[in-house]
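Asks: One structure is given below, represented as structure tokens, and several questions about it will come after.
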């Protein structure tokens, strides 16, 4: 097995006006470690105390072989592996390493008689060190959320022009990034047309359909079958917690706003409320992350009857303790509470703290005709103050949903296009 380090000079373009002492020769070395890893090191020919070498890049050999992107191993148009894993050897060994200085590529000959060629830039982007992984996960995979309290709302909310979002990829990217990071964006000066929410959704991808259709109208209705269709105060909530895969992002277009004192929107960053619960009430926080709650919705829409149920905690976490979803809707909690008797009262006491912290932190504001309020339904609680509904005083909102899979996908497409990759 190869153990000798291969060093090759990479000639850098330098400014001819630089002092001779600053003209550095750069080297790339590649070696095999423990028969399992390929190590790539960039070095200079000066004392490392003056110009320290960059951190070496270490790649498992099996990962390199699995990710060979030659036409034999990788389908270029579908961007998919072609390996037959019934025959793939996970104990494959490196037989020979080379560095091509001109093309800046690593060339590997394998024990299965295959040769792979990797661009060094491609390898750097996929490095296994903490910095690269964090950069990829928090920027390209999913931008890292920044939590906020109600008093910060006016400073954190992004406001964009409808025409810019529809016509500029830069504005579109700004909208989607702000949604991912802060969870809320206001789009203003949209036309007073029912198609606006569809136009915005299709600028990103496509509308998420629910039992209430694709677009839906939020207005006071006689004999309403949904709590949102009343003019009474609408308590803070997340929409559709009774769906296993609930709609991710709300698009609410204000076409007519109530002229009464009421009708204001309420918004809360529930991730911030969860932070407070964790800090101030750790035992209750634990209960809200572990106790499964029965969420339900029974009714009909357009003569189609439904009975939706999903069981999930109020605060949902991933394996690393990061928030993945908030569930909260007083009207849509089932009377069935399928937990042991001993857990019921502690859950109510914990839930009370969560609800009251959220209500105290809620920020109230009133949208105007032409405003489109967009926000993260996985993260934010929203509600509405009650209002007087008469023939002369109405409130008319058109809504639709987007899914985060579609939003993140579009955001990556935009970022990749801007990078030119």
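Asks: Please determine, by comparing only the residues of the range 62-95 that are exposed (fewer than 15 other Cβ atoms within 10 Å of the Cβ) and under 28 Å from the mean Cα position of the chain (by Cα), which one is nearest to residue 126 (Cα to Cα).
Replies: 63
Asks: Where in the range 278-353 are the strands (runs of 3 or more DSSP E), entirely inside, with at least 2 residues that are without any contact (Cβ under 8 Å) to a residue 24 or more places away in the chain? I'd like the intermediate steps shown before the answer.
Replies: Working: elements: 293-301, 304-312, 315-317, 323-326.
Because the criterion is at least 2 residues that are without any contact (Cβ under 8 Å) to a residue 24 or more places away in the chain, the strands (runs of 3 or more DSSP E) in the range 278-353 that meet it are 304-312.
Asks: Based on what the data block shows, is residue 227 assigned by TED's automatic domain parsing to the domain that holds residue 332, modelled with pLDDT under 95 and buried (at least 18 other Cβ atoms within 10 Å of the Cβ)? Step through it out loud before you land on a result.
Replies: Working: assigned by TED's automatic domain parsing to the domain that holds residue 332: yes; modelled with pLDDT under 95: yes; buried (at least 18 other Cβ atoms within 10 Å of the Cβ): no.
The answer is no for residue 227.
Asks: From the residues in the range 169-198 that are under 22 Å from the mean Cα position of the chain (by Cα) and farther than 21 Å from residue 156 by Cβ, which one is surrounded by the fewest Cβ atoms within 10 Å (Cβ to Cβ)? Give the steps one after another, and end with the answer.
Replies: To start, the set of residues in the range 169-198 that are under 22 Å from the mean Cα position of the chain (by Cα) comprises 169-187, 197-198.
Still in the running and farther than 21 Å from residue 156 by Cβ: 169, 197-198.
Numbers: 169: 14, 197: 26, 198: 18.
Here the residue is 169.
Asks: Criterion first (touching a strand residue (DSSP E or B) at 6+ places or on another chain (Cβ under 8 Å), at pLDDT 95 or above and surrounded by 18 or more Cβ atoms within 10 Å (Cβ to Cβ)) does residue 407 satisfy it? If you could, list the steps in order and put the result at the bottom.
Replies: Numbers: touching a strand residue (DSSP E or B) at 6+ places or on another chain (Cβ under 8 Å): yes; at pLDDT 95 or above: yes; surrounded by 18 or more Cβ atoms within 10 Å (Cβ to Cβ): yes.
Spelling it out, residue 407 is indeed touching a strand residue (DSSP E or B) at 6+ places or on another chain (Cβ under 8 Å), at pLDDT 95 or above and surrounded by 18 or more Cβ atoms within 10 Å (Cβ to Cβ).
Asks: Report every pair of residues separated by at least 6 positions or lying on different chains whose Cβ atoms are under 8 Å apart, first residue within the range 84-112 and at positive phi, second modelled with pLDDT of 90 or more.
Replies: From the range 84-112, the pairs are 104/119; 104/120; 104/121.
Asks: Here is a follow-up. When you look at residue 108, is it part of a loop (DSSP other than H, G, I, E, B), in contact with a strand residue (DSSP E or B) (Cβ under 6 Å, 6 or more places away or on another chain), over 24 Å from residue 141 (Cβ atoms) and at pLDDT 90 or above, yes or no?
Replies: Values: part of a loop (DSSP other than H, G, I, E, B): no; in contact with a strand residue (DSSP E or B) (Cβ under 6 Å, 6 or more places away or on another chain): yes; over 24 Å from residue 141 (Cβ atoms): yes; at pLDDT 90 or above: yes.
The answer is no for residue 108.
Asks: Residue 166: outside any loop (DSSP other than H, G, I, E, B), in contact (Cβ under 8 Å) with a residue 12 or more places away in the chain and within 21 Å of the chain's Cα centre (by Cα), yes or no?
Replies: Numbers: outside any loop (DSSP other than H, G, I, E, B): yes; in contact (Cβ under 8 Å) with a residue 12 or more places away in the chain: yes; within 21 Å of the chain's Cα centre (by Cα): no.
When the stated conditions are applied, residue 166 does not pass them.
Asks: How about the range 131-152: which of its residues are within 20 Å of the chain's Cα centre (by Cα) and in a helix (DSSP H, G or I)?
Replies: 131, 132, 133, 134, 135, 136, 137, 138, 139, 140, 141
Asks: If you don't mind, another one. Kindly indicate the residue of the range 366-402 that is part of a strand (DSSP E or B) and modelled with pLDDT under 95 and also nearest to residue 270 (Cα to Cα) among those meeting that condition.
Replies: Initial filter on the range 366-402 (part of a strand (DSSP E or B)): 372-376, 380-384, 396-402.
Those still in the list that are modelled with pLDDT under 95 too: 384, 396-397.
Numbers: 384: 16, 396: 26, 397: 24 Å.
Here the answer is 384.
Asks: Criterion first (within 30 Å of the chain's Cα centre (by Cα), assigned to a strand (DSSP E or B) and in the same structural domain as residue 393 (by TED's automatic domain parsing)) does residue 357 satisfy it? Don't jump to the end; show me each part of the working.
Replies: Working: within 30 Å of the chain's Cα centre (by Cα): yes; assigned to a strand (DSSP E or B): no; in the same structural domain as residue 393 (by TED's automatic domain parsing): yes.
No; evaluated as a whole, the condition is false for this residue.
The values are calculated or read from the model by the stated rules, or taken from the named source; none is laboratory data. What you see is a predicted model; the values in this text were computed from it and never measured. Note that we place each Cβ from the backbone using ideal geometry, even for glycine, and neighbour counts take in every protein chain shown.
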